[in-house]
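The values are calculated or read from the model by the stated rules, or taken from the named source; none is laboratory data. Given the structure is predicted, the values throughout are model-derived calculations rather than measurements. No Cβ is skipped: glycine too gets one built from the backbone with ideal geometry, and neighbour counts run over all protein chains shown.
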Amino acid sequence: MKSNRVKFYTVLIGAFLFNLLFWQEKMGVNTLFYDAFLLTALFSLYPEARPVSTVRWLLAGHLICLAMVLIQNTVISMIAFSITLLLLVAFVQYLHRSAWFAAVSIFENMVFSIPNIFETLQKPSKAERPSRGIGKWIRFLIIPLGLLFIFFLLYVGSNNVFADFSEKIIDKLTSLFFNFFDFVSWDRAGMLILGLFLSTVLLLKSKLGVFSKSEAKLTDILSRKRITLRDRKQGTIYQMLIGLLGKFASGIMALKNINTVGILSLVFLNILLFVVNSIDISYIWFGYRFGDKVNLYEMIHEGTGLLIFSILLAIVVLLLVFRGNLNFYQNNKWLKRAAYAWIFQNGILVISVFLRDYYYIHESGLAYKRIGVIFYLVLVLVGLITVFWKIYKKRTNYFLIRVNAWAVIVLLVVASTIKWDRLIATYNISQHINIVIPVDYMVTLSDEALDILDQNRALLKEHNTLREKQGFKWPYRNDIDQTIDLRIKQFMEQQQAYSWLSWNLSDKQVKDYFSSQTVKK
C-alpha cells in the first residue's frame, strides 16, 4: 500500500484536475484526460488488482464506454461510462464477484469519504509520535478554547470599554472575511469541493469493507442445511405456510406436503399459461394482420407491462417454491418438470410480448419506450434461463442475482455503442410511406439528430398535417420551422461557449453540417 501522504496528494490533484477539466464544460475529451488520471492512480495505489480477470473484463467494458463518450456522446454512453467506472473502482479496491455488492461498496466509500480523506493526513504508524497527532492537538484545544469563549462572554458583559473594543475587532475581521470572499467564485469553489468528493470516493477505500466481507461468505453452490424447528418457526414464509396449510406444513412430512402443493400450483399455472399462449400463438404469432383496427397503444403499453410483470412474478414464484431443502428432496422430480414447463411457457410469453412491440414499431415508428421493451425482454429472458440453471444445478439466489447483474452491465455497454436518437429519426423518416411520423416527438430528439430534422422539414410538415387530420394537436407554441430553428440556434450557441475540452465527434459532425449550411446561405 502507498503512504497516506501519496494518497492525499493524489486526491488533491484529482480534485483540481476535475475542476480544471469540467468547469462550464460537457463530457468530451476532458473525460479522457480525467479517466486516464484516475485509472493510473487506481492501479498504482492498488497494484494487486491488476491481474484479476474480472477487473480486466470490466476495464475493457469501461474503455468501450469511454470511447463512446468521445464518439457518440449520447446520454446512455455517459451513464454507462459513469456506472462502469464506479464498478471498476469497487472491484479494484475490494474483493467482489457481484456488481450489486460492488455498488454498495462504492456507497460505503461515499459515506466514509470525509474520514477517509482525514485519515490520509495522518503520519504512517512507524513515524507517529504521541505529541504530533493532529487529533490529539484538537482534543488538547477543546477545553482551553471553550474556557476562552466563556470568559470572553463574561468580560464583554461586565466591561463596556472591552465590549466596544471587541465589537470593533469583530467588525474588522468580519469585513476582511467578506471582502476576501468577494474575490472567490462560489460556483468554482463548489466545483472544487465536488471534485474533492469524487476523487476521494474513487481513489480511497474504506477500511471497514463491510460489503466485501459479507460477499466473501456467499457462494454459488446451494448446500443442504439443517434448520432447527425454532429457527424455521421464526421465518415469515413458514408462518404463511402454517396459516394456509396448518399442520401439513410442519412435522416430518412437511417437505413432502410442500412438494405436493408446489406441484399442484405449477400444474394449474401451466394450464392457465398454456391457454394464454395458445391464444397468443394463434392471434399474435400467425393471425395478426397489419392494418387491423386494434388499439395498439393499449395492447403494448398496458398489455406488455402486465405481461412483463407476470413473467417477473413467475420467477418470484419459482424462487419461493425452490427454497431451502426442497431442492434436495428426493421425490421432487415432478416438481422440477412442472417448473421447467413453466419456464419454457414464460419464454413463449416473452416472444409474444416481443411480437406485440414489433407490430407497434412497424405501424407507429420507433420511440424510447418501444426500444426499452426490447431491452427489458432480453433481461427477462436471461432471468428465465438463469432460474432454470439455478433449479437444474442447485444454485443459490446469490448466483441468480450476480449473473443477472452482469447481464445488465453487458447490455448497458452494448447500448452505449448506438446513437439511439439518430437511429429513431432515421428509421421513422425512412418509413414515412408506411407510418404517420410522430412529428411532435421527433422534434424533442437530442442534438445528434438535429441535422436529420433540418434536412426533412418538408416531410415533417406534411406528416404533421396528417396527424392533425387524425385528431392530434401540435403541442408547442412555435411551428415546426421555428422549433427546429430555435433548437439549432441553442445548439450553436452552446458549442461556441464550450472550449476544446468538450470536443466530441458527434457534436463536431452536427456543428460542421450547420456551419456549412450557413456558408451556403
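Going by what's in this entry, would G28 be described as under 27 Å from G209 (Cβ atoms), buried (at least 20 other Cβ atoms within 10 Å of the Cβ) and of a type in the set (G, A, S)? Against the criterion (under 27 Å from G209 (Cβ atoms), buried (at least 20 other Cβ atoms within 10 Å of the Cβ) and of a type in the set (G, A, S)), G28 does not qualify. Filter the range 323-373 down to the residues that are part of a loop (DSSP other than H, G, I, E, B) and of a type in the set (S, T, Y) and list them by number. Y329, the sole residue that qualifies.
This table checks each residue for (1) crowded, with 16+ Cβ neighbours inside 10 Å; (2) out of contact with any Ser or Thr (no Cβ under 6 Å at 6 or more places or on another chain); (3) among the basic types (K, R); (4) not assigned by TED's automatic domain parsing to the domain that holds S98.
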{"site": "Q345", "(1), (2), (3), (4)": "yes, yes, no, yes"}
{"site": "I348", "(1), (2), (3), (4)": "yes, yes, no, yes"}
{"site": "F354", "(1), (2), (3), (4)": "yes, yes, no, yes"}
{"site": "Y360", "(1), (2), (3), (4)": "yes, yes, no, yes"}
{"site": "G365", "(1), (2), (3), (4)": "yes, yes, no, yes"}
{"site": "K369", "(1), (2), (3), (4)": "no, yes, yes, yes"}
{"site": "I385", "(1), (2), (3), (4)": "no, yes, no, yes"}
{"site": "W389", "(1), (2), (3), (4)": "no, yes, no, yes"}
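One residue stands out in the range 39-54 among those that are not hydroxyl-bearing (S, T, Y) and not in a helix (DSSP H, G or I): the one that is farthest from the chain's Cα centre (by Cα), namely P51. What about L453, is it closer than 16 Å to I429 by Cβ, in the same structural domain as Q431 (by TED's automatic domain parsing) and among the aliphatic types (A, V, I, L, M)? Against the criterion (closer than 16 Å to I429 by Cβ, in the same structural domain as Q431 (by TED's automatic domain parsing) and among the aliphatic types (A, V, I, L, M)), L453 qualifies. Scanning the range 324-343 for residues that are in contact (Cβ under 8 Å) with a residue 40 or more places away in the chain, closer than 24 Å to V408 by Cβ, outside the structural domain of R467 (by TED's automatic domain parsing) and not hydrophobic (A, V, I, L, M, F, W, C) turns up nothing.
Give the residues of the range 35-66 that are crowded, with 17+ Cβ neighbours inside 10 Å and either among the small types (G, A, S) or not assigned by TED's automatic domain parsing to the domain that holds L21 (or both), sorted by residue number. Within the range 35-66, A41, A49, G61 meet the criteria.
For the range 244-259, the criterion of being modelled with pLDDT of 55 or more, surrounded by 13 or more Cβ atoms within 10 Å (Cβ to Cβ), touching a helix residue (DSSP H, G or I) at 6+ places or on another chain (Cβ under 9 Å) and among the β-branched types (V, I, T) is satisfied by at least one residue. Being within 15 Å of the chain's Cα centre (by Cα) and aromatic (F, W, Y) is a property that W57 lacks.
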